[in-house]
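Data first, discussion second: the structure below is written as structure tokens.
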Amino acid sequence: MLGTGSAFAKTFYNNNALVYANGYTLLVDCGITAPAALHSLGKSPDEIHALLVTHIHADHVGGLEEIAFRMKFQYQRKPLLYVPEVLAVPLWENALKGGLSQDEGHTLEDYFDVRLMEEGHEYELAPGLCVEIIETPHIPNKASFSLYLNRHLFYSADMRFNPELLHSLVDQRGCDTILHDCQFINPGAVHACLDDLVTLPEFIQQRLWLMHYADNQPEYIGKTGQMRFIEQQRLYDDTELSKLNVEFNEA
Ligand SMILES: O=c1ccn([C@@H]2O[C@H](COP(=O)(O)O)[C@@H](O)[C@H]2O)c(=O)[nH]1
Ligand SMILES: [Zn+2]
Ligand SMILES: [Zn+2]
């Protein structure tokens, strides 16, 4: 996890992730703090093979201008950008155009090798890395897409509480790991809140890691039912993440 903070957290970087698969690196979301978070890990933007955007909020796309400029002028390379089809135009028109539009570039495609994604398809980004996007409720009338990785790991974009989806992923689609955004204040409004998430049955909580949390996260350690906090600037592997919490505690 590059960062695990909520939109306005100051002690945690924005909730963005680096996904590694067989030498390939995907950056999931690129918020305002992503360049600094990469820097603190000693990573350069040039080490990223592709980026993927879940929705248009600054903690998820606010770092794209820096990455686009640095890739173009410092590294002379166009990174792959995976973007849900409905977000491509608003990403350029409403988020990036103001800063990036200049003589050398007037479109998203001038900075990125754009790959549009649709729901209902699985995309093999690299050997060992398959991604499906699932539209999930966040802000009314503003599209946001969670991810299903390698048919076993659900990564929530910011989303409201949706127990039916979590049940169907676990019961019908073999989901063994859930990374879920979490707000401490009830009601969650545009996120799932902790009071909602602790109502999930234990077999789902045991698979669930909390992310996108506020600065007062330390107050909630030990108060999250069977769910664990995922930590920023830490490398996790699939086996560690998919270990059920109950096994994890016994180990
Ligand atoms: O309808 C809304 C829209 C936004 N907010 C607040 O803004 C942030 C947006 O950033 P996220 O990355 O989605 O967290 C959200 O956390 C709210 O604090 C809102 O409350 N209601
Ligand atoms: Zn967010
Ligand atoms: Zn959001």
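The values are calculated or read from the model by the stated rules, or taken from the named source; none is laboratory data. These figures come from a predicted structure and were not determined experimentally. Neighbour counts run over all protein chains shown; Cβ positions are idealised from the backbone, glycine included. Please note that ligands, DNA and RNA were not included when accessible areas were found on the heavy atoms of the full protein model with its side chains. Shrake-Rupley method; radii C 1.70, N 1.55, O 1.52, S 1.80 Å.
Below are the figures for this structure:
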{"item": "Measure of compaction for segment 156-221 (Cα Rg per 2.2 N^0.38 Å)", "result": "1.07"}
{"item": "Cβ-placed point charges (K, R +1; D, E -1), dipole of the chain about Cα centre in debye, nearest 20", "result": "400 debye"}
{"item": "Segment 97-251, accessible surface, carbon-and-sulfur percent (1.4 angstrom probe)", "result": "48 percent"}
{"item": "1.4 Å probe accessible area per residue over segment 34-127, in Å²", "result": "47 Å²"}
{"item": "Extension gain from A58 to Y220, taking 0.36 nm per residue of separation minus the Cα-Cα distance", "result": "55.8 nm"}
{"item": "Tilt relative to the chain, helix 163-172 - C-alpha long axis, 0 to 90 degrees, to 10", "result": "80 degrees"}
{"item": "Hydrodynamic radius by Kirkwood, which averages 1/r over all alpha carbon pairs of the chain, in angstrom", "result": "18.4 Å"}
{"item": "Theoretical gain in end-to-end length, T25 to Y75 [0.36 nm per residue, Cα-Cα removed]", "result": "16.3 nm"}
{"item": "Estimated inter-spin distance, E135 and S101, nm [label 7 Å along Cα→Cβ]", "result": "2.7 nm"}
{"item": "Spacing of the two label points (7 Å from each Cα toward its C-beta) at R173 and V246, in nm", "result": "2.4 nm"}
{"item": "Reach of K78 by Cα under 22 Å, taken over lysines that are not fewer than 8 positions away in the same chain", "result": "K43, K97"}
{"item": "Among beta bridges that DSSP assigns inside segment 94-217, antiparallel share in %, nearest 5", "result": "60 percent"}
{"item": "Translational D in µm²/s for segment 10-143 (Stokes-Einstein at 10 °C, 1.306 mPa s, Kirkwood Rh from C-alpha pairs)", "result": "105 µm²/s"}
{"item": "Contour excess over end-to-end distance, with Cα ends at F229 and S44 and 0.36 nm allotted per residue", "result": "63.9 nm"}
{"item": "E119-A189 pseudo-label distance in nm [points 7 Å out on the Cα-to-Cβ vector]", "result": "2.5 nm"}
{"item": "Residues in segment 59-82 that a label on A36 would reach, taking backbone N under 17 Å of a point 7 Å out along Cα→Cβ", "result": "59-67"}
